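In what follows, a single structure is set out as structure tokens and then discussed.
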Amino acid sequence: MHAARVLASVAALAILEPSDARAAPDAEPSAHRAHAEDVVDYTLTARLDTTLHLVHGEGTIHWRNTSETAVSELWVHLYLNAFKNELSTFMREPVGQFRGTFPVQEWGAIDVHKLVLKDPDLGPVDLWPGAEQSRPGDDDETDARVPLPREVAPGESIDLDVAWDDKLPSIALRTGFAGSFHMVAQWFPKIARLEPSGRWAHFPMHRLGEFYADFGTYDVTLDVPSSFLIGATGPVTEARVDAGRRIERHVQADVHDFAWTAYDRFDVRRERIGDVDVSVLFPNGKSIDADKELSVMRFALPHYQALYGSYPYRVLTLVHPPDGADEAGGMEYPTLITTGGDWYWPPFSRLLELVTMHEFGHQYFYGLLASDEVRSPFLDEGINSYAEAEALGTWLGPGSAASAFGFTLSDTSVQSVF
């Protein structure tokens with residue numbers, strides 16, 4: 001069977017039956033579902049201080065125990081602490097120089113102020129004073145254990161009030177600031193995934209694996225200076241400018257993460273491709289790059305949908321980071337991807353097209369497949385890299401990676417070397 005057909009079959013299971021496909025590696029397919037199982041919902045507000053590079057966040061988390069067993073603890077990912085110091089797992093891993101700009105010029109961290117369980121019998125109980133943010137003998141603070149005052153039974157839901165502050169780092173691969181550009185990812189206290197068996201799939205922030213989580217609805221209101229434009233997961237449902245601040249509400253169901261960006265020098269291109277509203281946010285003077293990125297999406301959206309199933313969201317936002325924020329490029333979040341930067345060169349190469357195709361592919365692999373990257377990395381980067389090469393080869397032919405003066409180089413050939 002042609003490899004694309006194999007991948008299409010794998011993807012179809014995940015996309016048409018998302019809750020079953022991620023329930024367990026040996027789960028049998030059942031009735032098709034139009035939506036993922038809603039496990040955890042976040043209703044959050046975030047206010048950005050663009051001078052001090054701080055985010056103040058607060059809101060509520062609604063979490064349901066969908067496992068077979070009662071649980072007596074929560075595990076909460078505090079992944080911004082990956083950039084807190086050189087002692088985090090992220091900074092200590094042997095791929096420490098992978099694509100990174102080091103040393104980090106300015107460290108960042110997340111500081112949780114409260115995590116209050118709103119229990120009808122016990123009343124409000126602040127769980128955070130009892131949280132264990134690190135393990136004995138390990139200084140990493142990205143994976144916190146939070147004991148509960150009582151067990152949460154299978155099928156039972158709980159509600160939590162949360163408040164925290166982020167200090168964004170200088171751009172360090174995934175998140176941070178460069179001048180007035182802000183890429184805000186891994187920025188909120190996030191409940192780890194609970195497997196059907198009752199095992200918490202929790203782990204510290206790794207360079208090559210961070211996204212495994214439960215699906216739910218994200219309802220996030222962002223507050224930035226009025227001169228800044230925002231790009232974020234999900235469509236804008238409300239927007240206004242008030243007292244010199246731009247306030248946007250973004251709501252998206254059937255996702256397992258939320259990221260956003262704000263910058264006062266963004267230009268915007270918008271185009272409807274099929275049923276999807278595509279926006280490209282790019283720095284002043286990068287219109288040629290924006291044109292290339294839109295051309296990728298004109299091919300990629302119908303091509304991936306034909307092979308792997310419908311793209312189920314109304315919007316897709318592409319963010320082209322400015323010069324000096326290159327390390328924010330080449331990343332993927334639900335309905336939002338980051339694309340180019342100065343490290344995509346030379347001009348005769350197709351690397352900007354390649355990275356745009358690759359990051360869009362992550363909307364399927366890991367996005368809809370929702371695989372555990374730590375346990376099964378081939379289901380994320382492996383399948384996605386194949387899908388990228390197949391798509392670029394179909395679109396651009398033998399010069400899918402580079403083409404100049406009669407010389408062609410395919411993406412498949414590049415991948416066979418690396």
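The values are calculated or read from the model by the stated rules, or taken from the named source; none is laboratory data. Small disclaimer: the values here were computed from a predicted structure and weren't measured. Note that we place each Cβ from the backbone using ideal geometry, even for glycine, and neighbour counts take in every protein chain shown. All accessible areas refer to the heavy atoms of the entire protein, side chains included, with ligands and DNA or RNA removed. Shrake-Rupley method; radii C 1.70, N 1.55, O 1.52, S 1.80 Å.
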Neighbourhood charge, 12 Å Cβ-Cβ cut-off, centred on Val251 and excluding it, Lys, Arg +1 and Asp, Glu -1: -3
Extension gain, Ser227 back to Ser295 (0.36 nm per residue minus Cα-Cα distance, nm): 21.6 nm
The chain: angle of helix 381-396 to the longest principal axis, Cα-based, in degrees nearest 10: 30 degrees
Estimated distance in nm for a label pair at Phe405 and Val251, the labels positioned 7 Å out from Cα along Cα-to-Cβ: 5.7 nm
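What percent antiparallel are the DSSP beta bridges of the chain, to the nearest 5?
Antiparallel bridges: around 85 percent, rounded to the nearest 5.
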Rough spin-label spacing in nm, given labels placed 7 Å along Cα→Cβ, for Asp161 and Asp264: 3.4 nm
Carbon/sulfur fraction of accessible area - the chain, other protein chains in place, 1.4 Å, %: 54 percent
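Could you give the semi-axes, largest first, of the ellipsoid that matches the chain, computed as the square roots of 5 times the alpha carbon gyration tensor eigenvalues and rounded to whole Å? The partial results should precede the final answer.
Details: eigenvalues 221, 133, 85 Å².
Value: 33, 26, 21 Å, ordered largest first.
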Computed helical MRE - 222 nm, the chain, DSSP H runs ≥ 4 contributing -39500 (n - 2.57), nearest 500: -5500 deg cm²/dmol
Diffusion coefficient, µm² s⁻¹, Stokes-Einstein with Kirkwood Rh over alpha-carbon pairs of region 240-279 at 25 °C and 0.890 mPa s: 185 µm²/s
Amide proton proximity set for Glu73, modelled H, under 5 Å, gap of 5+: Leu148
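All other residues with a Cβ under 9 Å from the Cβ of Gly176 taken together, and with Lys, Arg as +1 and Asp, Glu as -1, what is their net charge?
Details: positive: Arg174; negative: Glu106, Glu327.
That sum, taken over residues with Cβ under 9 Å, equals -1.
Restricting to Cα pairs below 8 Å that are 6+ residues apart, what does the relative contact order work out to for the chain? Please round to a whole percent.
16 percent
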On Cα atoms only, tilt of 351-361 relative to the major axis of the chain in degrees: 40 degrees
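Leaving out ligands and nucleic acids, and using a 1.4 Å probe, what accessible area per residue does the chain come to in Å²?
On a per-residue basis, 41 Å².
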Label point distance in nm, Asp139-Asp323, each placed 7 Å from Cα along Cα→Cβ: 3.7 nm
Among Leu127, Leu354, Leu44, residue whose mean-square fluctuation peaks in a GNM of the chain (springs only between Cα atoms under 10 Å): Leu127
Folded to 0 to 90 degrees: helix 287-308 orientation relative to the chain principal axis, Cα: 70 degrees
